[in-house]
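**Q** Below are the structure tokens for one structure; questions will follow.
The values are calculated or read from the model by the stated rules, or taken from the named source; none is laboratory data. Since the structure is predicted, the reported quantities are computational estimates derived from the model, not experimental observations. All Cβ positions, glycine included, derive from the backbone under ideal geometry; neighbour counts span all protein chains shown. Surface areas here come from the heavy atoms of the whole protein model, side chains and all, with no ligands, DNA or RNA. Shrake-Rupley method; radii C 1.70, N 1.55, O 1.52, S 1.80 Å.
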Amino acid sequence: MNTEPSIYFAPFQGITTAVFRQIYARHFPGVNKLFTPYFANFEPGHALSPAKMVAMRNQSESGIEVVPQVLSKSADEILWLAKVCEQLGFKELNWNLGCPYPQVANKKRGSGILPYPEMVDEILGEVLRDINISFSVKCRLGYHSPDEMSALIPVFNRYPISELTIHARIGRQLYSGTPNLEAFAETASQLQMPVVYNGDIFSGEDYDRFRNWFPEINLLMIGRGILNDPFLPSLIKGFQLPSNPGTTIRAFVDDLYIAYRKERDDNPSVLNAMKEYWAYLAESFDEPVRVFRKVRKAKNFIDYEEAIDHVFGNFHWVGSENRPSAIPDSYR
Ligand SMILES: Cc1cc2nc3c(=O)[nH]c(=O)nc-3n(C[C@H](O)[C@H](O)[C@H](O)COP(=O)(O)O)c2cc1C
């Protein structure tokens, strides 16, 4: 089986904002779904804050469906947000069971709920009884251990979850180590809904290795790999890249910067947003450390614009193809 995969752009709190999704989708083909960073701390029955409404602005970008994500352990909260999403025209809501950060996980939210399958069961039961749009889940292989999956699989299989994305790490790992492909294989083989793989696909070679081991998995969620190299979905799908990809990258970051300045009325927080993104983008230049240092030093818009001129004048965009593969070539 060698059909083209569907590629989902993973959510990143603070980075894959509505503006980012819009500008990204205008410049780069290859992504099949865009996810919003998670929504939390809203009050059912009360209007969403203006900032949250902005974050939910468009239901699609350049023809690519946008999927909102919720972080919650309350079925009532999830159902209320699902209703808002439905009224706004979204087709799917995604439930975050993956966030690993202790301040979230210690409250049995995100991946912190995974050791409590009975809670997951109860919430899924209530949500899926009443929801009118598709409900998908994004989880890790467990919080303390991938052994937690054996109790979660029958729970997930009991409900019409539209897709289950698995970041193939446990919560306690945060982002360290490598994805656990054995545990992912074991889990995926027992799940009855479409499974989406997530974790450490950074290059075309990573994708090829992944595909060798999992020819049956055709749904991928990719995060840092696309932040580092926005052309990665095109590379994976075999699309022709522009002859001078650095020019497209420049047009993309310039548009992103202008769009943020416009949206935020020239608020200096734009610089932080751009620097946060450059921490990823710098990885695909020939000298990542020097590129990021240059951008990080900018103290105002003029500095930033000079830094960008310097980066594109003095360093080369090399993309992701020379990166050492992060996916082990034999894990069995
Ligand atoms: C700064 C940061 C913010 C993130 N925010 C979210 C989020 O809001 N929702 C979510 O499901 N995952 C979030 N993630 C996890 C990513 O979506 C993704 O699952 C993870 O990076 C693994 O995929 P990758 O190896 O392709 O990057 C975040 C990760 C980072 C590093």
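**Q** Which condition does residue 217 not pass, out of (1) farther than 30 Å from residue 147 by Cβ; (2) of a type in the set (Val, Ile, Thr); (3) away from the ligand (no atom under 12 Å from the Cβ), if it passes all the others?
**A** Result: residue 217 fails condition (1) only.
**Q** Output the residues belonging to the stretch 22-34 that are closer than 14 Å to residue 63 by Cβ and either within 13 Å of the ligand (Cβ to nearest atom) or hydrophobic (A, V, I, L, M, F, W, C) (or both).
**A** Scanning the stretch 22-34 gives 25, 28, 31, 33, 34.
**Q** Restricting attention to the stretch 222-236, which residues are among the small types (Gly, Ala, Ser) and either in a helix (DSSP H, G or I) or free of Cβ contacts under 8 Å to residues at least 40 places away in the same chain (or both)?
**A** 225, 234
**Q** Could you tell me whether residue 114 is within 16 Å of the ligand (Cβ to nearest atom), in contact with a Phe, Trp or Tyr (Cβ under 7 Å, 6 or more places away or on another chain) and either aliphatic (A, V, I, L, M) or modelled with pLDDT of 95 or more (or both)?
**A** Against the criterion (within 16 Å of the ligand (Cβ to nearest atom), in contact with a Phe, Trp or Tyr (Cβ under 7 Å, 6 or more places away or on another chain) and either aliphatic (A, V, I, L, M) or modelled with pLDDT of 95 or more (or both)), residue 114 qualifies.
**Q** Of all residues being open to solvent by 50 Å² or more (accessible area, probe 1.4 Å) and under 16 Å from the mean Cα position of the chain (by Cα) in the stretch 167-182, which is nearest to the ligand (Cβ to nearest atom)? Just the residue, please.
**A** Among them, the one singled out is 175.
**Q** Also, quick follow-up: Can you name the residue in the stretch 183-214 that is among the hydrophobic types (A, V, I, L, M, F, W, C) and within 14 Å of the ligand (Cβ to nearest atom) and, of all such residues, is most open to solvent (accessible area, probe 1.4 Å)?
**A** Per the criteria, the residue is 202.
**Q** Another question about this same structure. Taking the options 298, 273, 307, name whichever one is of a type in the set (A, V, I, L, M, F, W, C) and either under 24 Å from residue 30 (Cα atoms) or open to solvent by 10 Å² or more (accessible area, probe 1.4 Å) (or both).
**A** Exactly one of 298, 273, 307 is of a type in the set (A, V, I, L, M, F, W, C) and either under 24 Å from residue 30 (Cα atoms) or open to solvent by 10 Å² or more (accessible area, probe 1.4 Å) (or both), namely 273.
**Q** Just one of (1) within 13 Å of the ligand (Cβ to nearest atom); (2) touching a strand residue (DSSP E or B) at 6+ places or on another chain (Cβ under 8 Å); (3) over 25 Å from residue 236 (Cα atoms) trips up residue 16, so point out which.
**A** Going through (1) within 13 Å of the ligand (Cβ to nearest atom); (2) touching a strand residue (DSSP E or B) at 6+ places or on another chain (Cβ under 8 Å); (3) over 25 Å from residue 236 (Cα atoms) one by one, residue 16 breaks only (3).
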